[in-house]
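Participant: Quick one: the structure is below, questions incoming.
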Amino acid sequence: MKKAIIHIGVHKTGTTSIQNWLWNNRSVLSSSFGWEYPKEFSINNAHHAIPWSVIPQFEDNPISRPHRTSIDAIKARVQKKSQVIISSEPFCMADDSEADIIRDIFDGFDTTVVMYVRRQDKLIQSEYVQRVKQEVFPLTEPFSGFSALWRSRVPSLDFFHLYKRWSQRFERVVVKDFDAAVCTGIIKSFLEIIGAESAAPDREVAENISLNYHYIAALREANIIDSFSPGARIELEKKMSNMKFPQGKLSFFKGATAQRYMDQFISGNEKLTLDLNTKFLGFDDKFPYVLPHEYVETDVSRYIDWFQRVLVPRW
């Protein structure tokens with residue numbers, strides 16, 4: 001029988017590292033293990049063209065729109081594969097009807113769905129850091145607004161319902177703990193699932209370097225200045241590279257806000273743990289949500305006045 005691996009994310013769980021490794025080692029995967037990681041459907045080493053074509057909300061996105069194609073064309077090309085790995089985080093954004101379409105695309109395959117999970121308060125902060133770095137979120141949006149919007153738009157943060165959605169359509173769904181996988185190697189963890197662990201690298205280097213949250217707050221201010229003074233961010237980044245930002249355990253969540261945020265997900269996380277009869281290191285509530293973390297403010301400007309007063313005149 002034909003075999004398929006569908007890696008659905010979720011976001012900020014080492015997906016870039018996994019996708020880049022699979023892309024750069026396509027020949028090894030094919031010759032030694034029989035797996036194809038196809039160039040078809042790929043954008044930036046991942047197969048976003050499939051979920052982008054299936055999920056209607058991507059139709060109006062200027063980035064995804066040019067890569068959308070007909071479902072029949074996708075299915076015809078997938079059905080020609082014999083042993084294929086498909087990876088894309090937007091898969092986890094599919095609702096029930098869209099997941100039905102994806103199931104139909106892989107009809108006739110012995111399919112394994114793979115998803116990594118990470119405690120939601122950690123995930124959302126990591127996502128915010130990435131958006132500020134890439135300037136792909138409204139430049140003036142503080143973390144509080146970002147977290148509320150992201151929660152309302154991305155059902156993938158409810159891991160239990162995400163697991164149930166996919167397990168109702170595919171016989172095998174593998175759920176991995178991101179925090180535990182990082183300890184041994186995220187790429188190694190994935191390759192063990194597909195039976196290619198012997199190809200795992202001896203040493204893994206994170207694709208996305210984690211940045212100090214105070215630096216990110218400052219970078220957000222640089223984005224704001226750049227919006228009305230083009231080129232400012234580049235100059236400010238040079239200055240910021242020499243600044244000493246407070247170190248330690250940092251959080252964008254203030255006080256009880258973190259607990260209220262996690263209250264939305266604790267029940268689902270517990271159900272997932274019980275349903276799978278496994279322990280998730282990242283869900284362990286013995287780790288406080290904020291304390292003793294230092295709160296990093298993004299709602300009220302901390303750096304912009306200093307930037308304007310001290311740095312702007314020097315350009």
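Participant: Around L250, which amide H atoms from residues at least 5 apart in sequence, or from another chain, sit under 5 Å from its own amide H, with H modelled in the peptide plane?
Facilitator: It is E294, by chain and number.
Participant: Which whole-Hz couplings ³J(HN,Hα) result when phi for each residue of region 6-16 is put into the Karplus expression 6.51 cos²θ - 1.76 cosθ + 1.60, θ = phi - 60°, listed in order with x for Gly and Pro?
Facilitator: 10, 8, 9, x, 8, 4, 6, 10, x, 4, 4
Participant: While we're here: How do I186, I43 line up, fewest other C-beta atoms within 10 Å first? Walk me through the intermediate numbers first.
Facilitator: Numbers: I186 23, I43 14.
Exposure proxy ranking, most exposed first: I43, I186.
Participant: Now, a different point. 5 Å is the cut-off here: which amide hydrogens, built 1.01 Å from N in the peptide plane, fall below it relative to E36, excluding neighbours closer than 5 in sequence?
Facilitator: Amide H neighbours of E36: Q83, V84, I85.
Participant: Further, regarding this structure: Just to verify a number: FRET efficiency for S144 and S31, C-beta to C-beta distance, R0 = 45 Å, to 0.05? Show your work: numbers first, answer last.
Facilitator: On the way: r = 50 Å, r/R0 = 1.11.
Using R0 = 45 Å, I get an efficiency of 0.35.
Participant: Ok, one more. What residues have an amide H closer than 5 Å to that of A200, excluding those fewer than 5 places away on the same chain, when H is modeled at 1.01 Å from N in the peptide plane?
Facilitator: Distant-sequence amide H within range of A200: zero hits.
Participant: Here are a few candidate values for log10 I(q)/I(0) by the Debye sum over Cα atoms at q = 0.06, 0.11, 0.14, 0.15 Å⁻¹: [x] -0.23, -0.76, -1.16, -1.28; [y] -0.27, -0.80, -1.11, -1.20; [z] -0.40, -0.79, -1.02, -1.11. Which one was actually calculated from the structure I just gave you?
Facilitator: Here the calculated entry is [x].
Participant: Right, here's the next one. Pop out the ³J(HN,Hα) list for region 266-275 in order, Karplus 6.51 cos²θ - 1.76 cosθ + 1.60 with θ = phi - 60°, rounded to Hz; leave Gly and Pro as x.
Facilitator: Running phi through 6.51 cos²θ - 1.76 cosθ + 1.60 with θ = phi - 60° gives 4, 4, x, 4, 5, 5, 5, 4, 5, 4 Hz.
Participant: Got a sec to turn the phi values of region 50-61 into Karplus ³J(HN,Hα) couplings, 6.51 cos²θ - 1.76 cosθ + 1.60 with θ = phi - 60°, whole Hz, x for Gly and Pro?
Facilitator: 6, x, 4, 7, 7, 8, x, 5, 7, 5, 8, 7
Participant: At 222 nm, what value in deg cm²/dmol follows for the chain if DSSP H runs of at least 4 each add -39500 (n - 2.57) and the sum is divided by all its residues, to the nearest 500?
Facilitator: Details: 14 runs with 136 residues, N = 315.
After summing the helix terms and dividing by the residues of the chain, the value is -12500 deg cm²/dmol.
Participant: Can I ask one more? So, in Å, what gap is there between the alpha-carbon centers of region 7-37 and region 257-285?
Facilitator: Here the two parts' Cα centres lie 28 Å apart.
Participant: Shifting gears a bit: Using Cα centres only, tell me the gap between region 55-77 and region 97-127 in whole Å.
Facilitator: Using only Cα atoms, the two centres lie 17 Å from each other.
Participant: Also: Could you sort out which of K75/K176; K122/K279; K249/K271; K3/K81 sit more than 20 Å apart by Cα distance in this structure?
Facilitator: On the way: K75/K176 28 Å; K122/K279 18 Å; K249/K271 29 Å; K3/K81 9 Å.
Pairs exceeding the cut-off: K75/K176; K249/K271.
Participant: Same structure again: Just order 4-17, 209-222 by mean Cβ neighbour count inside 10 Å, highest at the front, would you? Before the final figure, lay out the partial values.
Facilitator: Numbers: 4-17: 22.6, 209-222: 19.9.
With the highest mean Cβ count within 10 Å placed first, the list reads 4-17, 209-222.
Participant: Hey, another quick one. Just for the chain, what percent of DSSP beta bridges are antiparallel, to the closest 5?
Facilitator: Details: 1 of 21 bridges.
Roughly 5 percent of the DSSP beta bridges within the chain come out antiparallel.
Values in this text are rule-based calculations from the coordinates and carry no lab data. Just so you know, these numbers come straight off a predicted model, no measurement behind them. Because the Cβ atoms are built from the backbone with ideal geometry, glycine has one as well, and the counts that use them run over all protein chains shown.
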